[in-house]
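Enquirer: What follows is a structure written as structure tokens; I'll ask about it next.
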Amino acid sequence: MFKKRPKFVVLWICLIFPILFLGMLAFSSTWRFPTLIPEFKDNSNFELMVSGDASFVMIFLRSVLISITVAIVSVATGFFIAKVIAFHKKRNLLLLLAYFPFALSPVVFAACLNYFFTLFLLSGTTPGVMIAQFIIVFPYAIILFNSHWGSGIIAYEQSAATLGGNAVQRFFRVTLPLSKNMLLIGFFQCFIISWFEFGLTNFIGMGQVKTLTVKVFQYIGEANIHLAAMSSLLLVIPPLLLLWANKKFVLRNY
Amino acid sequence: MLLEIQNIEKKYGEHVILNRVSLRLASNTTMSILGRSGCGKTTLLKIIAGIEQQDAGNIIADNINLNATQIHEREIVYLWQEPLLFPHLTVFENIAFGLRVRKLPKAEIIEKTQRMIQDLGLEGHERKFPNQISGGQKQRVAFGRAIVINPRIILLDEPFGNLDVETRGAMQQLFKQITGTYHLSALFVTHDLKEAVLMGDTYAYMESGNLTVYENRDKFIHDERTGFKNEINFWKEIEKSK
């Protein structure tokens, strides 16, 4: 493939080089002029990555837990509520409300909500961050699935109903198989939004709930390029896996 | 009487879609309902199927009022203009769908589905998916899927509208043959005069939400609104001009 199409080589280099560069920076300790490549004096960065409660592994696992939970709950609720909205008399008004969280900056939005999070003792907690992220990911899921329900899938449901399928049978035998790809795409996108969310997470988490995205911003602020690279490297792994899964399980059906 | 529709009314806002529509359908007969696009034919069928709700009036089948009966319990199958085959299921599984949701024994499902496939001339296509068969074959599968469950009534909403002339003719013949074999009762909605005459045992004409049911075919074709006379005159003029 590469011999016949040299453009692929260039494309692959463009894709892989930033990741290799991040890896090089992450595991090096110093990189001073005029050294051509970073120096690897010890494995302190690697130790920091795997040891203790504040290790990157723990932060990575917490970030994965938050994003998976937010994505699953948003997709599951957004899918059904989008159906209700798609056939509601006041569809346009309800859709307009779904766009509301995106009209504000996440930090301004978080500031507006902060009182309630403090009142219910959710500020600075992992469930609090999950709820805060859900508040912006859920409307996105509604907007995404709204077009799906408008695409004629309801006629298939009605057809299954006149053939004798009850609500449960219709869902599992018709709606779910026909919506499988859309649900996967929705999950990927909701996961990515939650994964890279910074403003809301930082504000509601009050610095106590550390996610990888928050860590990256923190290290960049401290001008610590090696630890910023380490957290960035971990940060790109799930999106890359999702990209691969998207290509393997979703795009092959189109 | 198998089906009795009594004074069905439907409005969208101030716009009257169906105005006190009534009809009676006997067992093993097909009623053709002729009407232009937007006259309310589809709404009437959807209300009978339970997909839409009427504002007033009754739907009675086998002396049972179906007004409060859910769609899946009505035993009335609605066929869209599009075949709407489930794209993730094979031809066999599409036809077997209604039998599977009724949880019939496996052997019975296979036997009934195979027989239907033979009757519809679909042998060899059982394992194909809808995107691998032609428009006419898709419509046959849609018929098979509806008929195999032995419904009370089949509602056909311009089912041949998207087919070419040749396939349409073949499908009309097949439908006539199948309705005889399986003793089907059907409401057949179309905007095509010739198709209405060919497919029906009884006839009705719908205009602006008002339904006229005719006692016989003569009265149907002699009503000027159906356009039959215009059609005859058109061909006479063509003949004269030769």
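The values are calculated or read from the model by the stated rules, or taken from the named source; none is laboratory data. Quick caveat: nothing in here was measured; it's all calculated off a predicted structure. Note that each Cβ is placed from the backbone with ideal geometry, even for glycine, and that neighbours are counted across all protein chains shown.
Enquirer: What's the number of the condition B:LYS103 fails, among (1) without any contact (Cβ under 8 Å) to a residue 40 or more places away in the chain; (2) touching a helix residue (DSSP H, G or I) at 6+ places or on another chain (Cβ under 8 Å); (3) not acidic (Asp, Glu)?
Expert: Of everything listed in (1) without any contact (Cβ under 8 Å) to a residue 40 or more places away in the chain; (2) touching a helix residue (DSSP H, G or I) at 6+ places or on another chain (Cβ under 8 Å); (3) not acidic (Asp, Glu), B:LYS103 misses just condition (2).
Enquirer: Further question: Output the residue which, of all residues in the range A:165-194 that are polar (S, T, N, Q) and in a helix (DSSP H, G or I), is nearest to the other protein chains (Cβ to nearest Cβ).
Expert: A:GLN169
Enquirer: Residues to consider are A:PHE145, A:PHE102, A:PHE138, A:PHE134; find the one that is within 18 Å of the chain's Cα centre (by Cα) and without any contact (Cβ under 8 Å) to a residue 60 or more places away in the chain.
Expert: None of the other options fit; the residue is A:PHE102.
Enquirer: If you scan the range B:134-146, which residues turn out to be in contact (Cβ under 8 Å) with a residue 60 or more places away in the chain and out of contact with any strand residue (DSSP E or B) (no Cβ under 7 Å at 6 or more places or on another chain)?
Expert: Answer for the range B:134-146, where residues must be in contact (Cβ under 8 Å) with a residue 60 or more places away in the chain and out of contact with any strand residue (DSSP E or B) (no Cβ under 7 Å at 6 or more places or on another chain): B:PHE143, B:ARG145.
Enquirer: So which helices (runs of 4 or more DSSP H) are wholly in the range A:80-164 and hold at least 3 residues that are in contact with a strand residue (DSSP E or B) (Cβ under 9 Å, 6 or more places away or on another chain)?
Expert: A:154-162
Residue-wise test of (1) among the aliphatic types (A, V, I, L, M); (2) surrounded by 17 or more Cβ atoms within 10 Å (Cβ to Cβ); (3) at pLDDT below 90.
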{"residue": "B:THR190", "(1), (2), (3)": "no, yes, no"}
{"residue": "B:ALA204", "(1), (2), (3)": "yes, yes, no"}
{"residue": "B:GLU207", "(1), (2), (3)": "no, no, no"}
{"residue": "B:HIS222", "(1), (2), (3)": "no, no, yes"}
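Enquirer: Could you check the range B:123-157 and list, in sequence order, the residues that are under 22 Å from B:PHE188 (Cβ atoms), assigned to a loop (DSSP other than H, G, I, E, B) and in contact with a helix residue (DSSP H, G or I) (Cβ under 7 Å, 6 or more places away or on another chain)?
Expert: B:VAL148, B:ILE149
Enquirer: Right, next: From the set of residues in the range B:58-93 that are within 30 Å of B:GLY135 (Cα to Cα) and more than 10 Å from chain A (Cβ to nearest Cβ), which is modelled with the lowest pLDDT?
Expert: Residue satisfying both the conditions and the ranking: B:GLN81.
Enquirer: Between residues in the range B:24-52 that are under 15 Å from B:PRO159 (Cβ atoms) and residues that are surrounded by fewer than 15 Cβ atoms within 10 Å (Cβ to Cβ), which pairs lie under 6 Å by C-beta distance while being six or more apart or on different chains?
Expert: none
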